[in-house]
Every structure is written in structure tokens, then in C-alpha cells.
1. Subtracting the Cα-Cα distance from 0.36 nm times the residue separation, let me have the gained length for residue 14 to residue 26 in nm, one decimal.
2. Calculate the spin-label point distance for residue 90 paired with residue 2, positioning each point 7 Å from the Cα along the beta-carbon direction, and give it in nanometres.
3. Given points 7 Å out from each Cα along the Cα-Cβ axis, report the residue 119 to residue 71 separation in nanometres with one decimal.
4. Arrange the following residues from fewest to most other Cβ atoms within 10 Å of their Cβ: 57, 96.
5. Pop a pseudo-label 7 angstrom from the Cα along the beta-carbon direction at both residue 44 and residue 109 and give the gap in nm to one decimal.
6. Please list the three semi-axes, largest first and in whole Å, of the ellipsoid equivalent to the chain, using sqrt of 5 times the eigenvalues of its alpha carbon gyration tensor.
7. In terms of the ratio Rg/(2.2 N^0.38 Å) built on C-alpha atoms, what value belongs to segment 33-73?
Amino acid sequence: MSVRKILIVDDSPTERQFLLETLSRRGYECLIATNGEEAVLKSKAELPDLIIMDVVMPGTNGFQATRTIARDAVTQHIPVILCTTKSQETDKVWGMRQGAREYIVKPINAKELLAKIGALP
């Protein structure tokens, strides 16, 4: 799978801007969602090649949104990379059980993120 369109989901304007600049510079088309509900809606409407999802957000959190996306027949093929401040091993295990393909702890290392995107099947 070749990743071209990425949905960035984060309630922090600073994190969104960092991801947008990092990924746009590498030629990715980026879409933005500011919460879990918007992520679920945009994932169905836009069918991105990848979703980069924060976990700690108001309303529907990233774990819940990832689970919804991973269980929907329309969006279940879209890989999700969780990017969060939640650094406990139990958080990572829980995130992967919700359907995430990768888990990155903030602050995001751009090289690590790009390597994980490049390694997606």
C-alpha cells in the first residue's frame, strides 16, 4: 500500500501543525480532524490511506475512535498510528487491541514516525 493521503487527528493546534508541516514536506496530502467524532466521520468520507490519531481528546478519545474505525467495514482497512503522551505498556497494548497498527509516544520524533509510515504494508 502506498500512503498518499493522511488524516491527522489531534486536539492540540501545535501538534497538528507539527504533523502537517512534517508530512506535507514529504509530499503527503494531509487532512485534519480535531477530535474523535470528526475523525470517524472524515475517515468514512475521505477514506485516507493512513490515520495518525491522538488518544487524549475531549469527547470520543483516540482509543474509542480507533475501535470504531477498525470495526467498520468501510474503514477497517485504514491503518491507524496512535500518537500519544500515554506511555505505559498497558496503554500500548490496549491501543493495539483497539485496532491500531503502531503506537508512538509524544513528543513525536519525525524520523520514527516517517519510518513507521514507510514500513506499513
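1. 2.4 nm
2. 4.4 nm
3. 2.8 nm
4. 96, 57
5. 3.8 nm
6. 18, 17, 14
7. So segment 33-73 has a normalised radius of gyration of 1.01.
Read-outs throughout are calculated quantities, based only on the coordinates presented, and are distinct from any laboratory measurement. These numbers were taken from a predicted model, which means no experiment stands behind them. Here Cβ is always computed from backbone atoms with ideal geometry, including for glycine, and neighbour counts include all displayed protein chains.
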